[in-house]
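A.B. asks: I have a structure here, written as structure tokens, and I will follow up with some questions on it.
The values are calculated or read from the model by the stated rules, or taken from the named source; none is laboratory data. Since the structure is predicted, the reported quantities are computational estimates derived from the model, not experimental observations. Cβ sites come from the backbone with ideal geometry, for glycine too, and all protein chains shown count toward neighbours. Note: areas computed on protein heavy atoms with side chains; ligands, DNA, RNA excluded. Shrake-Rupley method; radii C 1.70, N 1.55, O 1.52, S 1.80 Å.
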Amino acid sequence: DATDAARGASDIVLTEEGLSTIITAIRRSRMIFRRLEAYIVYRLASSVYILGFFMLSIISLKFDFPTWCLILLSIVNDFTVMATSSDNVRSSAYPLYWDVPQLVVKAFLIGGICVLQSFLLLFFVQSNQHEEINWLRSIGMHDMENCEIVAVMYLNTAVCIQLNIFSSRNKRFFFQTKEEDDASPLPSIILLVPVLGACVLSTFLAVYWDEDVALGGGNPMKGCGWGPAGAVWVWCIVWFLIIEVCKVALQSV
């Protein structure tokens, strides 16, 4: 029984001759570590974004966002969160350790900029109800009802959260993948599928949602149409690029 006792007390059991199993275990553990880092930054940034934006929008702009929309956002986002466990990452040539302040600052930077962009979008759209803004009128965001504003903000929140995963997983710009730059490899198909699926689903819901279909209290939601939806996509992508520049600058500091 000595062998079984040794296995029970050990931290790692070698199943093959040589030291290759130890090397494999170290590499895999460092890959898991990096997935956990991306997961923590993503979840914390999303929490900062959702809590910060809705607190400001309710207090400052009296925005009534339906509870069921928030629940739907959380459910759809869970598929992306689960997919991070199978994302493509690289091992490390050196031991990794938790730098909690750096992770927190990075997450608050991403989430804080998302709060700013969403608050500005909501402010512009609500202001357009009382005083027409030319560039909003040119993209179809004129005379919007409150229920259509809900659809616009739902789409903006959904797309912004999904794009955040690409900022959270890479220390460099999202398009950098070289190992010598200490950048992450391209995202895995398992991650891209739920991200793209969530974005497509949210877009169609925001464009075509029937006002008579209500799943709970709060303001109803009504489809905003393709013009405003396209404008929201452009808005989110522009701010995503701003987040990338600020993130890389912060990482350099």
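A.B. asks: What is the residue count in the range 198-219 for residues that are at pLDDT 85 or above and open to solvent by 20 Å² or more (accessible area, probe 1.4 Å)?
C.D. replies: Kept after step one, since they are at pLDDT 85 or above, are these residues of the range 198-219: 198-210.
With open to solvent by 20 Å² or more (accessible area, probe 1.4 Å) added as a condition, the list becomes 200-201, 204-205, 208-210.
Residues meeting the conditions: 7.
A.B. asks: Follow-up question, since we're still on this one. What are the residues in the range 87-118 that are part of a helix (DSSP H, G or I) and open to solvent by less than 50 Å² (accessible area, probe 1.4 Å), if any?
C.D. replies: LEU103, LYS106, ALA107, LEU109, ILE110, GLY111, GLY112, ILE113, CYS114, VAL115, GLN117, SER118
A.B. asks: Restricting the search to the range 45-64, which residues are without any contact (Cβ under 8 Å) to a residue 24 or more places away in the chain and either open to solvent by 70 Å² or more (accessible area, probe 1.4 Å) or touching a helix residue (DSSP H, G or I) at 6+ places or on another chain (Cβ under 7 Å) (or both)?
C.D. replies: LEU51, MET55, ILE58, ILE59, LYS62, listed by residue number.
A.B. asks: Would you call SER74 closer than 22 Å to TRP239 by Cα and without any contact (Cβ under 8 Å) to a residue 40 or more places away in the chain? Can you show your working first?
C.D. replies: Numbers: closer than 22 Å to TRP239 by Cα: yes; without any contact (Cβ under 8 Å) to a residue 40 or more places away in the chain: yes.
Here the answer is yes, as SER74 does meet what is asked.
Okay, residues lined up against (1) charged (D, E, K, R); (2) open to solvent by 70 Å² or more (accessible area, probe 1.4 Å):
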{"site": "ALA2", "(1), (2)": "no, yes"}
{"site": "GLU17", "(1), (2)": "yes, yes"}
{"site": "SER29", "(1), (2)": "no, no"}
{"site": "ALA38", "(1), (2)": "no, no"}
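A.B. asks: Any residue in the range 28-43 that's under 13 Å from ASN88 (Cβ atoms): show its pairings with residues that are buried (at least 18 other Cβ atoms within 10 Å of the Cβ) and among the aliphatic types (A, V, I, L, M) at Cβ separation under 6 Å, as long as the two are six or more apart or on different chains.
C.D. replies: Partner pairs satisfying both residue conditions: MET31/VAL89; ARG34/VAL89; ARG35/VAL89.
A.B. asks: Here's a follow-up. Check whether at least one residue in the range 202-222 is among the charged types (D, E, K, R), more than 30 Å from PHE108 (Cα to Cα) and touching a residue at least 24 places away in the same chain (Cβ under 8 Å), and report yes or no.
C.D. replies: Yes, the conditions are met somewhere in the range 202-222.
A.B. asks: Can you give me the number of residues within the range 65-86 that are surrounded by 15 or more Cβ atoms within 10 Å (Cβ to Cβ) and farther than 23 Å from ARG34 by Cα?
C.D. replies: 7
A.B. asks: Turning to a different aspect of this structure: Please indicate, with yes or no, whether at least one residue in the range 233-253 is without any contact (Cβ under 8 Å) to a residue 60 or more places away in the chain, farther than 21 Å from LEU116 by Cβ and surrounded by 15 or more Cβ atoms within 10 Å (Cβ to Cβ).
C.D. replies: No; the residues of the range 233-253 include none that is without any contact (Cβ under 8 Å) to a residue 60 or more places away in the chain, farther than 21 Å from LEU116 by Cβ and surrounded by 15 or more Cβ atoms within 10 Å (Cβ to Cβ).
A.B. asks: Is the range 158-177 home to any residue that is at pLDDT below 95, open to solvent by 30 Å² or more (accessible area, probe 1.4 Å) and charged (D, E, K, R)?
C.D. replies: Yes, the range 158-177 contains at least one residue that is at pLDDT below 95, open to solvent by 30 Å² or more (accessible area, probe 1.4 Å) and charged (D, E, K, R).
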